[in-house]
Structure formats: C-alpha cells, structure tokens
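Single-structure report; data block below.
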Amino acid sequence: MQPHPPLYITSHYCLPSFHLPMASMKPPSKSHLSHLFLGFSILCFLCFNAVLAQTPIFACDIASNPALAGFGFCNTSLDVGSRVKDLVQKLTLEEKVGFLGNAAGAVSRLGIPSYQWWSEALHGVSYIGPGTKFSSLVPGATSFPQVLLTAASFNKSLFLTIGEVVSTEARAMHNVGLAGLTFWSPNVNIFRDPRWGRGQETPGEDPYLASQYAIMYVRGLQDADNSDKLKVAACCKHYTAYDLDNWKGFMRLTFNAQVTQQDMEDTFQPPFKSCVTDGNVASVMCSYNQVNGKPTCADHDLLAGIVRGSWKLNGYIVSDCDSVKVLYENQHYTKTPEDAAAITISAGLDLDCGSFLGEHTVAAVKAGKVAEPKVDTAISNNFAVLMRLGFFDGDPKKLPFGELGPKDVCTPENQELARDAARQGIVLLKNNEGALPLSTKTIKSLAIIGPNANASHTMIGNYEGTPCKYTTPLQGLSAVISSSVYQSGCQNVACSSNSLQLDSAKKAAAGADATILIVGEDQSIEREELDRVSLLLPGEQTTLITEVAKVAKGPVILVIMSGGGYDISFAKNNDQIPSILWVGYPGEAGGAAIADIIFGYYNPSGKLPMTWYPQSYADKVPMNDMRMRPDPATGYPGRTYRFYTGEVIYNFSDGLSYTNFNHHLVQAPKLVYIPLEEGHACYSQRCKSVDLAGSRCEKLAFDIHLRVENSGEMGGAHTVFLFTTPPAVHNSPNKHLLGFEKVSLRPKAMGNVVFRVDVCKDLSVSDEDGNRKVPLGSHLLHVGDLKHSLSIRV
C-alpha cells in the first residue's frame, strides 16, 4: 500500500468556496449562515488535525524555545538518573500527581506536553487505547496472527522478528503524531483453562514457551541492542495469576485467585520473571484480581518485593485500567479513596491507567497517608522510561528511528511476514491416508462452506488494529481453484437451528471435488470479559459438519478458526473427515496462509500450544479452581499437560507434517553429580532433593546432541522438543518442557540440534513452599519417541 501524501493547509484545500447571494437575491437566513459556518469550522478542524497528525509530541523542544536548554532534564549529555532528579525537583505536588495517570498532564512552563501512555501492540499496532489512531496518512498497520497461533510456530526468531516489525511501524506512526511510545503488550498469562476468553492473546499453557515468547517479543519491540535506550517500551501483563474474566458469576474485577506458593513459583510467575530478568522489559502491568486476598496492585510483596526488588525491574509498574478504582469501589479493599491511592503507591505502583490516583493522591499526601517522596519515586520511574525513549531529547525525527514514516508501515515485506507467520503456526491435527495436501491436478472444483469461510475481521482476533488489507479464506482458496462454490451454512458462528442452511451446503459438497469446512468462533463467543462455558462447537456447527461430510463427493477438510480448543472428537473419529486443521485467528493474510497449507505450497509445522480437552472437563472442573496439580482424593484431574491426568482430544505439542522426521540421540550424559558444601546433610543421609541455596550447581550444565532426519519426500520445518519427567517428589509435573528448536530440512536431509541444559534452572522443581530444589534420582528426557535416563546424585 502506498502511503497517502501529507496534507497541508492551503486556501484551495481547506477553505471552501462560499458563493454568497447577489443583491437581487434574498439575503441568507441566520440558519443558512450558521450551517455554512458549522461546515467551514468542521472542514478546517479536520484539515488542522490532519496537519497536526504529522507532528510528533515531545518535550524539550529547544529549537522552538531556546530557554529550555538551561534545564538539566533537557541536557542529553547527562545520565538518565540526573535528568530525572532535576525534573522532579522542579515540580509542585499537584504537577507530580498529574504524571501518575495514563493521560499525563502538561507543564507548559517546563516545555512538557501532555502524553498518553496507553497504546497497544499485541500482534500489530492497535487502535485499542487512546494513544494510537489511524488516519488517511497511515490508514492501517500489519495485523499479524493472534498470539496463540504465532506461539504454535514454536519459532523464537519469528517471535523476535514480529516484534521488530511492530515496533518499526509503531515508531513510524509516532513520528507523524499517530502513536505514543509505550505499548502495553505482550500478554504473558498462562492459558490455564480452555474456557478463558483471553487465552487467544497468550502464548499458551506452558511456562517455558510463554517465557521464551515474552523474552523474544519484548526484545523485538524494544530493540535495545544491549543499551539502555528504547525503540518503544513494552509491558508484560497481567501480573499475576490472572486467567478468568467472566464465568458463571465469577468476574475478573472481584475474583480472588487462591494460589499455592508452589503453583505461583512454577506456573504463574515464570513468564513475568523471564520478561523482566531476560527480556529487560520496561514495564509490568498488575492485574484486576486479588491473589490470596490481596489486590495485585496493592501487594507490596508482589510489586516492590518481587518485580522491582528480586527481579530488578528497570522501568515502571502500571495498573490495569481502573484497577486502583476497582479495589476501592468493587472489592471494598480500603475504606477511603485516599487509602487506595496510598496503599498502591506504597506497594510500588508507578502509573494508574485511569484517573483515580490523579484525583486522590494530593489528598492522600496531605492527610499523611503516603509520603511525597513515594510519589517522587513513582514518577521518577515513569520519567526514566520516557527519557530512555528519547521523549525528552527533542524532535524524534532527528533522533534514532527518526527516518521512519508512513512508507515503513504495511510494506510488502511486512505483509508477507504476516502470511508466513500464519503458515508457520497452523496446526495439522489429522490427515488420514495423506488426504492433504490437495493437488490442483486432480481438484478442479471446491465447496467452501462454513460461518468462518469468508471471515475477515474475525481473523485478527482482539486487541486488533486496522489491517493493511484482508485475504479471507474464500479469497485465498478461490485464488487457487477458481471454480469454487461458497455457502455459509449458518448466518454466523452461533449457528442457531433457525439459521442452519443445510440443503444448500450439502448440495455444494455433493458437487465439488473437495469440500473445505471452515467453522469455529469469533469474539462473540470468546473475548475479554467473556469466558466460554462449553467446549463443544457453537450451536449447530457439529450438525453442519457431520451432514455435509456424509454427502461430500470428495475429501472433507475441517478447518477450526478459534482461540481456545474444542471437543471435536466426533470429527477426529469420523472417517468421512480425513483432515483437520486448527488455524487460530490467523491475521490479515489468514486466507492466503490456509490455502498455502491445504494445497501444499507450504508444509505445516505448527504444534498445539495448549491441550484440547473433552467436554467432560468443562462439566466437572470449575474454572475458578486455580489448582494446577491433581487431587486424586477428590477426582480433581489437574490442569495443562504438565499435571492433567484425564483424557484429551489433542495434546500440547501435537501437530502433523506432510513429511516424516526422525530423531537420533548422538550424545547425552547418563550421570551428573551435584557438588555440595562440605558437611552437607545429604552426604550422610538419604535426600529426595537438594535445595539450590545449599548446592554448588550454579554453573553445572551439559549438552544434549541430537540428529534430526527428514525421511520423507517433501521439505519442511520441524520443532524438536526436549521434555523431562523428573522423579516423583514434591508433586512434580508429569513432564515439562526444557527447550525447543525449529529446524528446516530438505527431503532425506539431516540436521543437528544441541540443547544446553542448566541443572539448577532446568532440572529443578518447586517444592510445596515454592522453593526450587533439584530432585535426586532418575530424570527421564524425552525427544519425540526417544527416551533417555539421566541420574542426578550428590
């Protein structure tokens, strides 16, 4: 897409020609004149804003106001800490409080304009949040697949590259006044329960996968290049144990997540810890919910203690929107609004997405509920991030990334990356007798059926932006097979019995060489503030699929477009449906990617980032039960592949290819000794595990060497997973992921993969109190069908 030319105020463009009546005509009425004036005002307002949209917002505009050069905070030769200190000491209390909300106030006497902190970039620059807007100058941005599908690629370099592209487009929009510099993404919560409406936004159910996604996407966004400067500032959210929005009367605003220390340590906290310690993220967002009776945004241990203390956050902590107000008004956690302001700031909160702190902090300070230096600390953290972004360095067009503009948004390369990301994530779940890929030599006609067969906006999920363009499944498939018949089968994904259009759908399938059924859901079924209650396909979709499959002339390919998984056992076990694909929400180019997979232009390599459960799971397991581990005494089955003990429809990491890959173990140790301090108790008595604090395994590591072979006839990519099953101590996981690597191999080719295993970090488990320990005994390592036993001793 070519960028639109800039708009300038000129008499012929912005000023309309008003032909006033001649003397022989009636004079204009007051009503006519008022309408003329209104039209004139609106037109000039639009033109004025079009011009303003080319001007980025920044502080320390010394070129326009040379007096600002005398301020230390505008002096780029000083370090960030000195500049921040200089700025804070120049502010009154009221001015300081104005910087505690997302709509930060202006201080004109210091040359500081207002700044809007809230922008989003979950899978592309989004129009959610007031900090970003699209215009004729930049009408859209590249819309990548929803995060869950990108995570299914298990490709760390892809996570990084998408982040880099998104931040480039964000900076380009900032340079023309259409976006801020602080983006509250990614969402790294664990997809604990398949019914969660926001699971689509996350990297899935595994803490290691979520951590790797967080690290790479944040690095891509911030592009810090080992310096303290930032391209844009990312934010890992929603901290912590947040994964319920609205389920059977349980609401996120008031939900109290009862979580064991063990589950906190090995499930809910790892992605956030990795985000901070390895990704060096510039922000963490605390969540609406309480954890064990305390609102996360008012929990000193979680914020000041862990995020800023233990993990050493170099950035700011922001609340989810109106969370401070919620803990006072909805949770009734404090008696007064001033108490709410005081407790959150004292806990370590720096920025309120909302106006609550702006309205009540001055009174809280004057009442002695919170000391002004606490406010100074909060705004200092905020200012430091803005300074690292260059907001106080003058005109951004003269700074790094200043050359970016509309020409760098929606480039052909970026749009092709969106298509490739979808291809890499799409998961082939079933492919009996090699039904896929379809051949254009034998397939001359298609029936394209289903409520998502012509989906456009559905493909980009939530927290979306205006895409560069759409390629719907119908468009993508029809571009390959022009003789295609489309039938929606249902009016929408709800697929009520009244909207079911079976006869026309069956007729289309009966006359086509192949039938593509594209079903699933959209944001009316799962989204923020809406969790599912069932794991069955909505409405009469199952009937549509089954009845069409009965009469189809050719192979039936079932395509599930959704965030969460479904109980599709009826299709998995139906020989009339030889192939099943899960395509998530595949982004702006989803239709093209689906066609690429179905017709073999791309060999599928995606793997499920979450378990697909039977409906009985939803019937028996309350969503508000946060326990990860099973309880045999009560029949509670546990959650996710790491702990779940029940039946599944599809497993985490399931996914087929059009070729076959074999794994060969080349080298791995069979025995590892952990050195302990002299006189350690485990030298003289039998120990089940060793506490990391008393061991000397910090630098103890080894390599596992593998050879991977593509034994088939088609080239393709393959994810090599390294899992471990630890000894059965401390209610340890059934197995958990230690690493993954993606390799691309030509037919009959082989490649090498090496995993570095850190004994302390990778082979430790959390005990019942949340302490990390290394189990002694036999650890079983898994790579595909390979199993290797490793003994750890002292």
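Overview of results
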{"item": "Under 5 Å, built H, 5+ apart or other chain: amide partners of Cys410", "result": "Thr142"}
{"item": "Heavy-atom accessible area ranking, 1.4 Å probe, most first, across Ser310, Ser579", "result": "Ser310, Ser579"}
{"item": "Greater than 30 Å apart at Cα, pairs in Lys441/Lys550; Lys133/Lys742; Lys312/Lys761; Lys273/Lys688; Lys312/Lys398", "result": "Lys133/Lys742; Lys312/Lys398"}
{"item": "Magnitude of the charge dipole, the stretch 617-680, Cβ model with Lys/Arg +1 and Asp/Glu -1, debye to 20", "result": "100 debye"}
{"item": "Gyration tensor verdict on the stretch 670-717 (Cα atoms; rounded if a/c is under 1.5, prolate if a/b is larger than b/c, oblate otherwise)", "result": "prolate"}
{"item": "Shape call, the stretch 171-318: gyration tensor on alpha carbons, a/c limit 1.5", "result": "prolate"}
{"item": "Listed residues Asp408, Asp352 arranged by accessible area, highest first, probe 1.4 Å", "result": "Asp408, Asp352"}
{"item": "Formal net charge of residues neighbouring Leu93 (Cβ-Cβ distance under 15 Å; K, R +1; D, E -1)", "result": "-1"}
{"item": "Residue-normalised accessible area of the stretch 247-365, given per residue in Å² at a 1.4 Å probe", "result": "33 Å²"}
{"item": "Signed unit charges on C-beta, dipole axis of the stretch 81-146, positive-most listed residue Ser114, Ile128, Phe144", "result": "Ser114"}
{"item": "Percent of beta bridges antiparallel (DSSP, the chain, rounded to nearest 5)", "result": "60 percent"}
{"item": "Percent carbon-and-sulfur accessible area, the stretch 209-366, ignoring ligands, DNA and RNA, probe 1.4 Å", "result": "47 percent"}
{"item": "Potential extension, Asp61-Lys90 segment - 0.36 nm per residue separation minus Cα distance", "result": "8.7 nm"}
{"item": "Extreme residue, positive dipole direction of the chain, given options Gly249, Thr442, Ala552 (C-beta unit charges)", "result": "Thr442"}
{"item": "Backbone N within the stretch 529-549 under 20 Å of label point (7 Å from Asn498 Cα along the Cβ vector)", "result": "538-544"}
{"item": "Calculated from backbone phi, Karplus (6.51, -1.76, 1.60) coupling profile of the stretch 141-148 in Hz, x at Gly/Pro", "result": "9, 5, 9, 7, x, 4, 3, 4"}
{"item": "20 Å Cα-Cα threshold exceeded, pairs from Lys237/Lys294; Lys90/Lys325; Lys294/Lys366; Lys96/Lys294", "result": "Lys90/Lys325; Lys294/Lys366; Lys96/Lys294"}
{"item": "DSSP-loop GluC sites (Glu not before Pro) across the stretch 382-466, with at most 14 other Cβ within 10 angstrom", "result": "Glu403"}
{"item": "For the stretch 407-561, share of DSSP beta bridges that run antiparallel, in % to the nearest 5", "result": "5 percent"}
{"item": "Net lengthening on full extension, Thr76/Asn624 (0.36 nm per residue, minus Cα-Cα)", "result": "192.2 nm"}
{"item": "Percent carbon-and-sulfur accessible area, the stretch 506-631, ignoring ligands, DNA and RNA, probe 1.4 Å", "result": "48 percent"}
{"item": "Fully extended contour minus Cα-Cα distance, from Lys398 to Ser445, at 0.36 nm per residue", "result": "11.3 nm"}
{"item": "Cβ-derived FRET efficiency at R0 22 Å, Ala728 paired with Ser569, nearest 0.05", "result": "0.15"}
{"item": "Carbon + sulfur, % of accessible area of the stretch 655-715 - ligands and nucleic acids excluded, 1.4 Å", "result": "46 percent"}
{"item": "Projected label distance in nm at Glu416 and Tyr601, using a 7 Å step from Cα toward the beta-carbon", "result": "1.3 nm"}
{"item": "Modelled FRET efficiency - R0 22 Å, Asn651 with Asp278, Cβ distances, 0.05 increments", "result": "0.20"}
{"item": "Distance between modelled label sites at Asp769 and Tyr127, nm, 7 Å Cα→Cβ extension", "result": "5.4 nm"}
{"item": "Computed accessible area, Ser456, all protein chains, 1.4 angstrom probe, square angstrom", "result": "40 Å²"}
{"item": "Accessible surface, the stretch 94-145, averaged per residue in Å² (probe 1.4 Å)", "result": "29 Å²"}
{"item": "Phi to ³J(HN,Hα) by Karplus 6.51 cos²θ - 1.76 cosθ + 1.60 over the stretch 363-370, Hz, x for Gly, Pro", "result": "5, 5, 5, 5, 8, x, 7, 8"}
{"item": "Mean Cα-pair separation over length for the stretch 654-732, i.e. relative contact order, pairs under 8 Å, 6 or more apart, %", "result": "49 percent"}
{"item": "Zone of Arg746's modelled label, taken as backbone nitrogen in the stretch 703-724 under 19 Å from a point 7 Å along Cα→Cβ", "result": "708-718"}
{"item": "Computed E for Phe250/Ala363 - FRET, C-beta separation, R0 41 angstrom, nearest 0.05", "result": "0.75"}
{"item": "Residue-by-residue Karplus 3J(HN,Hα) for the stretch 670-677, coefficients 6.51, -1.76, 1.60, Hz, glycine and proline x", "result": "9, 9, 10, 9, 9, x, 10, 5"}
{"item": "Distant-in-sequence amide H partners of His779 (H built 1.01 Å from N, under 5 Å)", "result": "Leu790, Ser791, Ile792"}
{"item": "Relative contact order [Cα under 8 Å, 6+ residues apart], the chain, whole percent", "result": "13 percent"}
{"item": "Per residue, in Å², the accessible surface of the stretch 526-624 once ligands and nucleic acids are set aside, probe 1.4 Å", "result": "27 Å²"}
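The values are calculated or read from the model by the stated rules, or taken from the named source; none is laboratory data. This is a predicted model, so every value here is computed, not measured. A quick note on method: Cβ atoms are made from the backbone with ideal geometry, for glycine too, and the neighbour counts reach across all protein chains shown. Side chains are part of the model used for accessible areas, which takes the heavy atoms of the whole protein and leaves out ligands, DNA and RNA. Shrake-Rupley method; radii C 1.70, N 1.55, O 1.52, S 1.80 Å.
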